[in-house]
Amino acid sequence: MTWNEVETASREELRALKGERLRDTVRRAYDRVPFYRERLDEAGVHPDDIERIDDVTRLPMTTKEDFRAEYPRGLFAVPDDEVRRIHASSGTTGKPKVVGYTDGDLAVWREVVARSLTAAGVEPGDTVQNAYGYGLFTGGLGVHGGVEELGATVIPIGGGQTDRQIDLLRDLESDALTCTPSYSLYLAERAVERGVDVRELPLSTVIVGAEPCTDPMREEIEERLGVTAVDIYGLSEIIGPGVSNECVTAQDGLHIWEDHFHPEVVDPDTGEPLPEGEEGELVLTTLTKEAVPVLRYRTGDLTTLTTEQCDCGRTMVRMDNVTGRADDLIIVRGVNLYPSQIEDVVLEFDAVAPFYRIDLRRDGALDTFELTVERRDDAAVDPSTLGGRIADRVRNVVGLTPDEVRVVDPGGVERTETGKVKRVFDHRE
Ligand SMILES: [Zn+2]
């Protein structure tokens, strides 16, 4: 089932629609945002030069640094009285990225989230417990609007309050839960401590987002909560959650709602577009945004695209689950690795819980790499041999042997109840 007809439009129809919308977007950005006018003039591209969607590659790219440099409203394309809502990214490093929404933008947002929920298998009449944070972060209110648009019931509990989350899952018989993958596992663990078996509850779907979710992590969530887990993707610079969503039919990549957001994948080093199927950095262009149109935004997220026909009937391009960010790349003793690769290894071991941390230090001129994993409560294993086996497996997968693999007791790796979990602690600077 789809939410809009356009989700199954032919590729030709989509291309035509996207070409028209790109023209309008570039025109709007050029006429109304001095930043874009300057960039486009520098690149020697005029809005009249844009005819087809493929012309997108002629446009200059936008980065998160541009958002920060234009803080707070430099990228806005509408007068203040047309802005209905403001969101902003957390400003842990530098200034926050501020975004605005017109009435039209909010309507698009509700629509794409309603599509996403439909793709995830949520139906009108269902109850959705929304455990994304409310406030300036786009997760909470973004999902919230889409649930209402769909005609389902939203429980706006927000992040944290785990005991209450468990009570409400049980008492209000929530059908779906939206949260980060790490939080869903934390919740499952807390439920066990309280003697509640989440698998026995009506909950059937967990929609995970805001953090990378590898396939083994997804399996872990599905098993521990007795649910189907599907991935939602988005970022505030583009709109928030609802840029793309996995369909429950195939669970094989996230359909990008490309009548609103045009994707490209580029080489993270050179910015050159890569052919379909090759992994690189996701770049997104908004096609209908009014308040803050965005041209070729470098997301930092690594993925691949495919236009192969999906079993669900949707024709919209699919992206792989994002399992790494260009920014997350760790270089240890000259070896490149992503935390998601370590996560895959950790989850291969049944005796180990899905929580881990990586500590990087510098010992003289040499980097050291320490991995901490947590033994499962019920696992009868010898920690000394388990650590060695994990170290071997890490060496086989990433080509680097950890200096130490520490196996700690259950609960020994720190959990986070709200926000994104931190796995990598780099003490080298
Ligand atoms: Zn599909």
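The values are calculated or read from the model by the stated rules, or taken from the named source; none is laboratory data. Predicted model only: the values in this text are computed from it and were never measured. Virtual Cβ from ideal backbone geometry, glycine too; neighbours counted across all protein chains shown. Ligands, DNA and RNA are excluded from the accessible area calculation, which covers all protein heavy atoms including side chains. Shrake-Rupley method; radii C 1.70, N 1.55, O 1.52, S 1.80 Å.
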Pulled fully out, how much extra length does the chain show between Asp167 and Asp31, if you take 0.36 nm times their separation in residues and subtract their Cα-Cα distance? 43.7 nm
What whole number of Å gives the distance from the Cα centroid of segment 325-374 to the Cα centroid of segment 180-205? 27
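How would segment 61-195 be classified by its alpha-carbon gyration tensor: rounded, prolate or oblate, with rounded meaning a/c under 1.5 and the a/b versus b/c comparison settling the rest? Please list the in-between numbers first.
Numbers: a/c = 2.81, a/b = 1.62, b/c = 1.73.
Judged from the Cα gyration tensor, segment 61-195 comes out oblate (a/c at least 1.5, b/c at or above a/b).
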Determine, for each peptide in 79-86, 47-54, the mean count of other beta carbons within 10 angstrom over its residues, then list the peptides with the highest first. 47-54, 79-86
Share of antiparallel DSSP beta bridges in the chain, in percent to the nearest 5? 65
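So if each residue of separation counts as 0.36 nm, and I subtract the Cα-Cα distance between Glu42 and Thr385, what length gain in nm does that give?
On the way: separation 343, 0.36 × 343 = 123.48 nm, distance 6.04 nm.
Net length gain for the segment: 117.4 nm.
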Residue among Val122, Val208, Val45 with the largest mean-square fluctuation in a Gaussian network model of the chain, springs linking Cα atoms under 10 Å: Val45
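So what's the back-of-envelope 222 nm ellipticity for the chain, counting only DSSP H runs of four-plus at -39500 (n - 2.57) apiece and dividing by all residues, rounded to 500? Please list the in-between numbers first.
Details: 10 runs with 128 residues, N = 429.
So the calculated ellipticity at 222 nm is -9500 deg cm²/dmol.
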In Å and on Cα atoms, what radius of gyration and Dmax does the chain show? 22.1, 69
The cysteines in the chain that find no other cysteine Cβ closer than 4.7 Å to their own Cβ are Cys179, Cys213, Cys310
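Calculate, for the chain, the solvent-accessible area per residue in square angstrom, rolling a 1.4 angstrom probe over the heavy atoms of the protein chains. List each step's numbers first, then the result.
Working: 18020 Å² over 429 residues.
Using a 1.4 Å probe on heavy atoms only, each residue of the chain averages 42 Å².
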Asp392 versus Asn336: modelled label distance in nm, points set 7 Å from Cα along the beta carbon direction: 2.9
Considering only C-alpha atoms, what is the centroid distance from segment 220-258 to segment 146-163, in Å? 16
Computed label-point distance, nm, for sites Arg52 and Arg415 using a 7 Å Cα→Cβ extension: 5.4
Please compute the Cα-Cα pair-distance distribution of segment 329-426 with 5 Å bins starting at 0, giving whole percents from short to long. 2, 13, 25, 26, 18, 11, 4, 1, 0
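If you roll a 1.4 Å probe over segment 57-148 with all protein chains in place, what percent of the accessible area is carbon or sulfur? If you can, show how the numbers build up before the last one.
Working: 1810 of 3590 Å².
Roughly 51 percent of what the probe reaches on segment 57-148 is carbon or sulfur.
If you take every residue apart from Pro383 with its C-beta less than 14 Å away from the C-beta of Pro383, what net charge results, scoring Lys and Arg +1 and Asp and Glu -1? Show your work: numbers first, answer last.
Values: positive: Arg375, Arg376, Arg389, Arg406; negative: Glu374, Asp377, Asp382, Glu404, Asp409.
Charge balance in the 14 Å sphere: -1.
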